[in-house]
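The structure under discussion appears below in the form of structure tokens.
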Amino acid sequence: MHRHDGFRELDRQECLDLLAQVPLGRIVYTENALPAVLPVNFFLDRDQAVVLRTSGASRMARAVDTSVVAFEADRFDEATRSGWSVVVTGRASKVTDPGEAERLGLSGPLSWASIEDGVYVRIEPELVTGRVLDDVSPTGTV
């Protein structure tokens, strides 16, 4: 980023703090050798892994298991032309341990869609980057 473009890079902890404030993000993965992006609800687990819940039969669940994926979340305010974006890159895996799945069921994300055969997918945060654009609204405008 150019030092005069209005963006400020965030450190890892700032990124994770911001992620904890929003319920929706986008998982970016490869399906049939092509990029795919899917909006999902999520939460940060106690070890700061990104966790989402989906159908075990979904194409996304099959495509991401043991793959490196990206996860992006953001928040923007059009009125002030400010906001932030965070990207987590890491290996995704389906949670197969029954005890872990039960724990996540008590504290984890509920899918917004009705799911009968739900599985949890964890994304280990190997690389966490982000940036913020502070208020850059033109002065004197309402």
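One table, with the values for the structure above:
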{"read-out": "Test: residue in segment 15-30 that is assigned to a strand (DSSP E or B) and out of contact with any strand residue (DSSP E or B) (no Cβ under 6 Å at 6 or more places or on another chain)", "value": "yes"}
{"read-out": "Single residue of segment 7-31 satisfying the filter (surrounded by fewer than 18 Cβ atoms within 10 Å (Cβ to Cβ) and in contact with a Lys or Arg (Cβ under 9 Å, 6 or more places away or on another chain)) that is nearest to residue 72 (Cα to Cα)", "value": "22"}
{"read-out": "Test set (1) in contact (Cβ under 8 Å) with a residue 60 or more places away in the chain; (2) open to solvent by 80 Å² or more (accessible area, probe 1.4 Å); (3) not hydrophobic (A, V, I, L, M, F, W, C) - residue 45 fails condition number", "value": "(2)"}
{"read-out": "Unique residue being at pLDDT below 90, at negative phi, in contact with a strand residue (DSSP E or B) (Cβ under 9 Å, 6 or more places away or on another chain) and charged (D, E, K, R) when the list is 11, 45, 74, 5", "value": "5"}
{"read-out": "Residue that is surrounded by the most Cβ atoms within 10 Å (Cβ to Cβ) [pool: residues in segment 106-119 that are under 20 Å from residue 21 (Cα atoms) and modelled with pLDDT of 80 or more]", "value": "107"}
{"read-out": "Residue that is surrounded by the fewest Cβ atoms within 10 Å (Cβ to Cβ), among those in segment 86-105 that are hydrophobic (A, V, I, L, M, F, W, C) and within 14 Å of the chain's Cα centre (by Cα)", "value": "87"}
{"read-out": "Only listed residue being closer than 14 Å to residue 122 by Cβ and among the small types (Gly, Ala, Ser), chosen from 55, 67", "value": "67"}
{"read-out": "Contacts under 9 angstrom Cβ, first residue in segment 52-81 being open to solvent by 80 Å² or more (accessible area, probe 1.4 Å), partner in a helix (DSSP H, G or I) and not small (Gly, Ala, Ser), 6 or more apart", "value": "75/18"}
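The values are calculated or read from the model by the stated rules, or taken from the named source; none is laboratory data. The shown structure was predicted, so the numbers you read here are calculated from the model rather than taken from an experiment. In this analysis, Cβ positions are derived from the backbone assuming ideal geometry, glycine residues included, and neighbour counts consider all displayed protein chains. What goes into the accessible areas is simple: the full protein's heavy atoms, side chains included, and nothing from ligands, DNA or RNA. Shrake-Rupley method; radii C 1.70, N 1.55, O 1.52, S 1.80 Å.
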